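Beneath this line is the structure, given in structure tokens, with notes to follow.
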Amino acid sequence: MSGASSGAFRCSAHSATLAEHLVGTASTVSAFLLLEAPGPWGADALRDSRLPDTFSVELAGRCRAAGVRPLLIRRHGRSRPSRTRCFAAYASPRRPWLETAALTRPEDVLDLDLRQLGLGRSLGLDAHPEPIFLVCTHGRHDPCCAELGRPLAAALTAARPDQTWECSHIGGDRFAGNLMVLPDGLYYGRVDPSSGPRIAAEHLAGRLDLDHLRGRAGYGFATQAAEWHLRRRLDLFGVEQVELESQAIRGGITTVVFTLDSRQRWRVSVGATHAEPQQLTCRSDRLRRALQFQLVAVEPIGPVDGP
């Protein structure tokens, strides 16, 4: 495919032109396994990398069976680590956790019980107390991820070198540059090199950037949208300020109850519609209708210990 300068279609530019809303577009998966794999990644990163073929197939199958999302990671720029870094993360909104290990060889990751990870249980690796910032730079999957992700990865690496990694496809190509924060499972989109370091600094201070927030991994799409609308309505920026209590779907409307600061309960209702058919990725060969969410109602329903 020709470069962006030749006038080739770019899904991220198209999405921005349409002013497509980012909300409710994060992954619904909670469990992640990250494996360091320097060098190029093909369209299917796990299959089309420098990892052994039989190993890649085995790992993909185990992750699929366990409900774990595998991601390849690498440092920005060329690197030749002596050992292979891996991370296991569970993006629980209440108790997210992140563990890590340095493996002698990539195949050693098969010794981990991924079924336990899929259930949100520790794998017994070393606790990793600091969050990590993952920038999708998977250009063979979608050109936008490389063209917009690499400058973002460079800027974040300059600001947070120990916490920043490039990663393979995390979804939402049209929202590149895409940034994910683990273990909290926060997805940000349309992040440029100037806003990336600021979002990272805000996160480390316990605050979200609602202008770029796509959603929180592990929640359904509508619940992600409901949380965003509640935060925007009440100017709630604390990462741990909003806690999911319950959710229900009736007549096409998703109603979600959140607890704020462990004190006040709020009910948020959102409806879902499909946008007009459009090309959602640079390489898509057909038009698709993206989900969109509209706020129906936001209302307080009393204190946690109230009637």
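Taken over region 92-105, the criterion of being under 29 Å from residue 220 (Cα atoms), surrounded by 15 or more Cβ atoms within 10 Å (Cβ to Cβ) and either among the charged types (D, E, K, R) or more than 24 Å from the chain's Cα centre (by Cα) (or both) is satisfied by 99 alone. Filter region 56-82 down to residues that are modelled with pLDDT under 95 and charged (D, E, K, R) and give me whichever is farthest from residue 146 (Cα to Cα). Checking each candidate, the answer is 80. Taking the conditions (1) touching a residue at least 24 places away in the same chain (Cβ under 8 Å); (2) surrounded by 16 or more Cβ atoms within 10 Å (Cβ to Cβ); (3) part of a helix (DSSP H, G or I) in turn, residue 69 satisfies each one other than (3). So which of 35, 18 is among the aliphatic types (A, V, I, L, M) and surrounded by 20 or more Cβ atoms within 10 Å (Cβ to Cβ)? The conditions single out 35.
Can you confirm whether residue 201 is without any contact (Cβ under 8 Å) to a residue 60 or more places away in the chain and not acidic (Asp, Glu)? Yes, satisfied.
The lone criterion from (1) in contact (Cβ under 8 Å) with a residue 60 or more places away in the chain; (2) within 21 Å of the chain's Cα centre (by Cα); (3) under 23 Å from residue 200 (Cβ atoms) left unmet by residue 117 is number (3).
Per the listing 31, 45, 19, the residue uniquely over 24 Å from residue 283 (Cα atoms) and not hydroxyl-bearing (Ser, Thr, Tyr) is 31. If the Cβ limit is 9 Å and pairs must be 6+ apart or interchain, which residue in region 93-105 that is without any contact (Cβ under 8 Å) to a residue 24 or more places away in the chain pairs with which residue that is outside any loop (DSSP other than H, G, I, E, B) and of a type in the set (Ser, Thr, Tyr)? Sorted first by the residue in region 93-105, then by its partner, the pairs are 102/84; 103/84; 104/84; 105/84. Inspection of region 226-238 finds a residue satisfying the criterion of being in a strand (DSSP E or B) and either of a type outside the set (Asp, Glu) or in contact with a strand residue (DSSP E or B) (Cβ under 8 Å, 6 or more places away or on another chain) (or both).
Where residues in region 31-55 are farther than 17 Å from residue 142 by Cβ and touching a strand residue (DSSP E or B) at 6+ places or on another chain (Cβ under 6 Å), which of them is modelled with the lowest pLDDT? Steps first, answer last, please.
Narrowing region 31-55 to residues farther than 17 Å from residue 142 by Cβ: 31-39, 50-55.
Narrowing further to those that are touching a strand residue (DSSP E or B) at 6+ places or on another chain (Cβ under 6 Å): 31-38.
Numbers: 31: 98, 32: 98, 33: 98, 34: 98, 35: 98, 36: 97, 37: 95, 38: 92.
Here the answer is 38.
Let's see how each residue does on (1) closer than 25 Å to residue 217 by Cβ; (2) among the charged types (D, E, K, R):
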| position | (1), (2) |
| --- | --- |
| 47 | yes, yes |
| 52 | no, no |
| 60 | yes, no |
| 71 | yes, no |
| 86 | yes, no |
| 107 | no, yes |
| 122 | yes, no |
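Counting only residues that are under 30 Å from residue 13 (Cα atoms), give me the strands (runs of 3 or more DSSP E) lying completely in region 241-288 with at least 2 of them.
Answer list for region 241-288: 264-274.
Of all the residues in region 277-299, those that are acidic (Asp, Glu) and either under 23 Å from residue 220 (Cβ atoms) or at pLDDT 95 or above (or both) number 1.
The values are calculated or read from the model by the stated rules, or taken from the named source; none is laboratory data. Keep in mind it's a predicted model, so treat the numbers as computed, not measured. Every residue, glycine among them, receives a Cβ derived from its backbone with ideal geometry; neighbour counts consider all protein chains shown.
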